[in-house]
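Written out below as structure tokens is the structure these notes cover.
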Amino acid sequence: MTQKINKNKSNTNNGKHLLQVDDLNVHFFTRRGVARAVDGVSFHVDEGESLGIVGESGSGKSVTALGILRLVPSPGEIVQGSVRLDGENLTEISGQAMRKIRGSKISMILQDPMTSLNPSFSIGEQVSEAISIHQGLKGKSLKDRVVEMLTKVRIPAAESRVGDFPHQLSGGMRQRASGAIGISCTPKVLICDEPTTALDMTIQAQYLELLKEVQKETGVAFIFITHDMGIVAKMCDRVVVMYAGRIVEAGPVIDVFRNPSHPYTISLLKCLPRLTAVDRLESIDGQPPDPHVFPTGCRFAPRCPKAQKLCREEYPKTTVVSGDHINACHFPGDWN
Amino acid sequence: MATEKKVLLKVSGLKKYFPVTQGLIFSSLLGNVKAVDGVDFVVHEGETYGLVGESGCGKTTIAKMILLIENPTEGTIEFQGKDINKIKGDDLKEYRRLAQAVFQDPMSSLNPRMRVWEIITEPLIVTQPNVTKQKARDRAAELLTTVGLIPDNMNLYPHQFSGGQRQRVAIARALSSNPKFLVLDEPVSALDVSIRAQIMNLLKDLQKEFGLTLFIIAHDLGTVRYMSDNIGVMYLGQMVEKGTSDAVYGNPMHPYTQALLSSALPFDPEEASKQFAIAGEIPSPLNPPAGCRFHTRCPHVMDMCSVNKPELTEEEPDHMVSCYLYEPSMAGKPSKRTVEKSS
């Protein structure tokens, strides 16, 4: 039950990637049985690159992110696979060593800053926490560093806002503050889990611009976990489309969005309302499967308009569409 | 084209201020949050009217006033020619039957302790107290079929359904009293992307089948575009632009609408990189800027923008904008062309 997707020889990095996830399996052992939330997922991210992981709720995109950080909550467990950062296998190191990596080499920006920030500590204290733990700074040098980070995320008059509490800031400023925590130790990988869903449209645009600038300055690699195709189109170089715990299609954003080859990606792109007039949107019938009882065969088959007998019996192998563009469908090609 | 149609809902000069006070016993008035500050629009029978805007622009407050959950501070809402805040007795009951609502999150808008058929028929029982249980159940079965659910499931509880199915139950409940007018407050934003199109198509089909008039509120511009015939764009309690959705989306004139449309991310990677962001944040509605409320963030701001509020004027047929950029007396100032180019 594995999907090998990054076997592309044409890659310039000689197979060495900044972050390499191989055959990651995260299962939840619940009373109802085993939920295979992430089921054989492989991908990689290089320095200064942005990867988008798109999918609906329950597709396993957030659990994948938690799996990278080894923060999968009980009763979930990483049952198989490896996560390599600079060649070091994060699934094998001790808990203590992992704690040194979280927040310093890999950090995360969460969806809603109102819940991810602690309401009873000032933003200065919260930004300084990671810096003092990982870099051992104290006193004035610590404070200077905090102000520098807040300035980096364009919080105006950062010096005077260090003592502000989260409720004193607007939504956009709050998310900037949690961005400052994310980049405070100059991580190599920054995972953004739905970073802008809690923000207003015009503020979202500002925030995405800011993240791009931060990436240019620091060369950090981004992993965007989102359901918003627009964010992927704007921010990412490559995209991974997940459905029911598996990767159904992956590749450079421009290839996947312009020439989607998996029926799920095709229907997903078609069912989104756009700013131009359409008479009727195409919709995907049915709903995503229950992770406790995934269908045998292709997991999208019950909703797929073109499903054949083979699709219901056997999970498709991953095939190369062109270059880095890969797909897991028995009948890849032009479904339009 | 909409001019010959019958007016169903007419909102004029609508204002809603929420007083902000300090102190518990000898409280003093600090000011008013001007949630809605002078809004006019008309909804025609059989059409869909969409309101767009960011959080705090007052769109939900307007929906609440239409549903009689809040009372307006000033202004009137007329439904079929009658002021809904003045009607009493049977007329009021009739209005409550005719105007129904579907809310954002079906998990919180459906009572978790009621069975689905009880939820669906509750409006029916309120409006027709002597309906028998069997009749109510028959009606529930009929409505579940209408919204694409299996009638056998009517004895289940809301948590036994998925998000999309729950929203279908909420729609069935809204339909049970044979309404004419549905108020939809963010009807799809809590749903998964692949489910949204299903629900939007269902609403469109129901509109055709029952001749409904829809009033939809959403922050997602694509959703509003897909659903609506006419659109109003709100910013800080005021309408900055309104017109047919073709006019507003095809030729956005107000700088705020332009910014809003530009911040909606297209799905094409090349177009997405052309997007621009406007600076600044939404000012507090407690102390909104004088003059045009958008002038603090507007890329085309002029001296007069901070003095007087520009009136909504018709710039094209069925397209009204409240912006000084389009006043004839402003010749020599930034023209329409430059505004379009910069976007």
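The values are calculated or read from the model by the stated rules, or taken from the named source; none is laboratory data. These numbers were taken from a predicted model, which means no experiment stands behind them. Here the Cβ is made from the backbone with ideal geometry for all residues, glycine too, and neighbour counts use every protein chain on show.
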Restricting to segment A:195-229, name every residue that is touching a helix residue (DSSP H, G or I) at 6+ places or on another chain (Cβ under 7 Å), small (G, A, S) and surrounded by fewer than 22 Cβ atoms within 10 Å (Cβ to Cβ). A:A198
Can you confirm whether A:C298 is over 22 Å from the mean Cα position of the chain (by Cα), part of a helix (DSSP H, G or I) and either within 11 Å of chain B (Cβ to nearest Cβ) or crowded, with 16+ Cβ neighbours inside 10 Å (or both)? no
Taking segment A:170-195 as the region of interest, how many residues are more than 13 Å from A:V214 (Cβ to Cβ), within 14 Å of chain B (Cβ to nearest Cβ) and either without any contact (Cβ under 8 Å) to a residue 12 or more places away in the chain or part of a loop (DSSP other than H, G, I, E, B) (or both)? 2
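Looking at A:V278, A:V253, which is the one that is of a type in the set (V, I, T) and touching a residue at least 12 places away in the same chain (Cβ under 8 Å)? Let's see the steps before the verdict.
Details: A:V278 fails: touching a residue at least 12 places away in the same chain (Cβ under 8 Å).
That would be A:V253, the only listed residue that is of a type in the set (V, I, T) and touching a residue at least 12 places away in the same chain (Cβ under 8 Å).
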With respect to B:I231, determine if the residue is in contact with a Lys or Arg (Cβ under 8 Å, 6 or more places away or on another chain), more than 10 Å from chain A (Cβ to nearest Cβ) and closer than 27 Å to B:Y17 by Cα. yes
If I filter segment A:179-189 for residues that are over 29 Å from A:H44 (Cα atoms) and either of a type in the set (K, R) or surrounded by 16 or more Cβ atoms within 10 Å (Cβ to Cβ) (or both), do I get at least one hit? no
Any hit, segment B:270-283, residues being out of contact with any helix residue (DSSP H, G or I) (no Cβ under 6 Å at 6 or more places or on another chain), farther than 18 Å from B:V11 by Cβ and among the aliphatic types (A, V, I, L, M): yes
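So which residues in segment B:270-311 are of a type outside the set (D, E, K, R), in a helix (DSSP H, G or I) and either more than 14 Å from chain A (Cβ to nearest Cβ) or under 15 Å from B:V240 (Cα atoms) (or both), if there are any at all?
B:M304, B:C305, B:S306
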Among the residues of segment B:193-206, is any away from chain A (no Cβ under 11 Å), crowded, with 20+ Cβ neighbours inside 10 Å and either under 13 Å from the mean Cα position of the chain (by Cα) or assigned to a loop (DSSP other than H, G, I, E, B) (or both)? no
Among the residues of segment A:32-85, which ones are among the charged types (D, E, K, R), part of a loop (DSSP other than H, G, I, E, B) and out of contact with any Pro (no Cβ under 9 Å at 6 or more places or on another chain)? A:R32, A:D46, A:E47, A:E49, A:R70
The conditions are (1) assigned to a strand (DSSP E or B); (2) touching a Gly at 6+ places or on another chain (Cβ under 6 Å); (3) more than 14 Å from chain B (Cβ to nearest Cβ); (4) not basic (K, R), and A:F224 fails exactly one of them. Which is it? (3)
What pairs come out if I take residues in segment A:257-273 that are more than 15 Å from A:P305 (Cα to Cα) and modelled with pLDDT of 90 or more and pair them with residues that are part of a loop (DSSP other than H, G, I, E, B) and among the hydrophobic types (A, V, I, L, M, F, W, C) whose C-beta lies under 9 Å away, six or more apart or interchain? A:F257/B:F267; A:P260/A:W335
Pairs returned, first residue in segment A:205-217 that is touching a residue at least 60 places away in the same chain (Cβ under 8 Å), second residue that is not aliphatic (A, V, I, L, M), beta-carbon separation under 8 angstrom, 6 or more apart or interchain, are A:V214/A:K152; A:V214/A:G179; A:Q215/A:G48; A:Q215/A:S50; A:Q215/A:F222; A:E217/A:K152
Which residue out of A:V239, A:V248, A:V256 is in a helix (DSSP H, G or I), surrounded by 24 or more Cβ atoms within 10 Å (Cβ to Cβ), on the phi < 0 side of the Ramachandran plot and within 13 Å of chain B (Cβ to nearest Cβ)? A:V256
Given the conditions (1) surrounded by 14 or more Cβ atoms within 10 Å (Cβ to Cβ); (2) in contact with a Phe, Trp or Tyr (Cβ under 8 Å, 6 or more places away or on another chain), and given that A:P75 satisfies all but one, which numbered condition is not satisfied? (1)
